[in-house]
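The values are calculated or read from the model by the stated rules, or taken from the named source; none is laboratory data. Only a predicted model underlies this, so the values are computations on that prediction, with no experimental measurement involved. Glycine gets a Cβ as well: all are built from the backbone with ideal geometry, and neighbour counts include every protein chain shown. Protein only, heavy atoms only, side chains kept; ligands, DNA and RNA dropped before computing areas. Shrake-Rupley method; radii C 1.70, N 1.55, O 1.52, S 1.80 Å.
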2 protein chains.
Amino acid sequence: MQAAIDEARKSLAEGGIPIGSVIVHQGRIIGRGHNRRVQQGSAILHGEMSALEDAGRQPASVYADATLYTTLSPCAMCSGAILLYGIKQVVIGEHHTFLGEEALLQSRGVNLQVLHDATCTGLMRRFIEDHPQLWNEDIGEQSEP
Amino acid sequence: MQAAIDEARKSLAEGGIPIGSVIVHQGRIIGRGHNRRVQQGSAILHGEMSALEDAGRQPASVYADATLYTTLSPCAMCSGAILLYGIKQVVIGEHHTFLGEEALLQSRGVNLQVLHDATCTGLMRRFIEDHPQLWNEDIGEQSEP
C-alpha cells in the first residue's frame, strides 16, 4: 500500500487528484499508476486504470493471481475492470471519502480488504475540500453551478 | 452506428480487434474510438474506453444527455465506465458473439437497444475464429495451452 500512496502523492505534486494504485503479482509490482485526469486531460486514467495500463497485456492467469492495491475505494469503471480481468484480491486504503462498487465486487467473489488508512483519507479529504468541482467531475457527479 | 462500424473496420485494417464505438451528444459525435489492444499494447483501450478518452473531460451534464454506440455488447470494464459517467442510452450492434454486462446496466436504469446487426456479428465471428487467443485475452479469459 505504501507504493500506492507514493503514487497518490506523486499525482498531488503534479497538480492532480491524489489516488494511486499498484498491481502485485508473486511479490513483485507489475503495474503502478495514479489518476491522470488533470495531468493528461484523461477521462479514463483513474489510479487503478493507470496501473492496469502500466502492467500492459497480461494473460488471465496473471490477473487471477494478482492483488490490486488502491488508495481509494474503486469506482464503477475501475471495479468493472477488476471484474473483467478476474482480479480476486483488492486492498483498499479507505472508503470514507468515497464508497465505490464494493458490494458489486463482493457479490462477484472478489476479496476486499479495507485498511481505513488515515494517510489515504487525509489526502482525499483535503483535496475534495480544495477542489470540489474537479472531484465531482472525476466521479461523474454534477457540481452546483 | 455506421460511424462505430467504420471504427471497427479501421481497427481490423490496423491488425486489431474489430470493435468500434462513438459517443453522440446533441446530434454530434463528440468521441470516437476502437479497440487498441494490438495497436498500442493496451489493456484498457476497448472501443468504448477509447471513445470516452477521445471525448475528453466532460461535465456530468454532457454524459447524462449522450448516447454511446458500440458494435459489441459492453464488457464489465466498459459497462462500469458507462455507469460511472451516467450515460443513459447505449446502442449495441450485437451481443451474439459476446454478451457483456447488459443485465447490470439495465438494473441500474441504462436504456439499451440491441440492433442484431449482421455486419457487426460477421466482423467479430471471423475475428474470433482467426484469433481465439487474442480475443480471450481481451475479455480476460484463459486460452487453452
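Observations
- Each residue in the range A:57-74 was checked for being open to solvent by 10 Å² or more (accessible area, probe 1.4 Å) and either at the interface with chain B (Cβ under 7 Å from one of its Cβ atoms) or in contact with a strand residue (DSSP E or B) (Cβ under 9 Å, 6 or more places away or on another chain) (or both), and 9 pass.
- Number of residues in the range B:1-56 that are in contact (Cβ under 8 Å) with a residue 60 or more places away in the chain and open to solvent by 30 Å² or more (accessible area, probe 1.4 Å): the value is 4.
- Annotation: of all residues in the range A:118-141 being of a type in the set (A, V, I, L, M) and touching a residue at least 40 places away in the same chain (Cβ under 8 Å), the one that is nearest to the other protein chains (Cβ to nearest Cβ) is A:ILE139.
- Residues in the range A:2-56 that are among the acidic types (Asp, Glu) and within 14 Å of chain B (Cβ to nearest Cβ): A:GLU48, A:GLU53, A:ASP54.
- Scope the range A:82-95; condition open to solvent by 10 Å² or more (accessible area, probe 1.4 Å) and more than 7 Å from chain B (Cβ to nearest Cβ); matching residues: A:LYS88, A:GLN89, A:VAL91, A:HIS95
- So B:SER79, is it facing chain A (nearest Cβ under 9 Å), closer than 24 Å to B:ASN136 by Cα and either open to solvent by less than 10 Å² (accessible area, probe 1.4 Å) or modelled with pLDDT of 95 or more (or both): yes
- Of the strands (runs of 3 or more DSSP E) lying entirely inside the range B:25-130, those containing at least 2 residues that are closer than 26 Å to A:SER107 by Cα span B:89-94, B:111-114.
- Residues of the range A:70-85 include at least one that is among the hydroxyl-bearing types (Ser, Thr, Tyr) and touching a residue at least 60 places away in the same chain (Cβ under 8 Å).
- In this entry, A:ILE44 is excluded by the filter for residues that are of a type outside the set (Ser, Thr, Tyr) and either more than 21 Å from B:ALA60 (Cα to Cα) or in contact with a Ser or Thr (Cβ under 6 Å, 6 or more places away or on another chain) (or both).
- The listed residue being surrounded by fewer than 23 Cβ atoms within 10 Å (Cβ to Cβ), touching a residue at least 40 places away in the same chain (Cβ under 8 Å) and not hydroxyl-bearing (Ser, Thr, Tyr), out of A:VAL110, A:VAL114: A:VAL114
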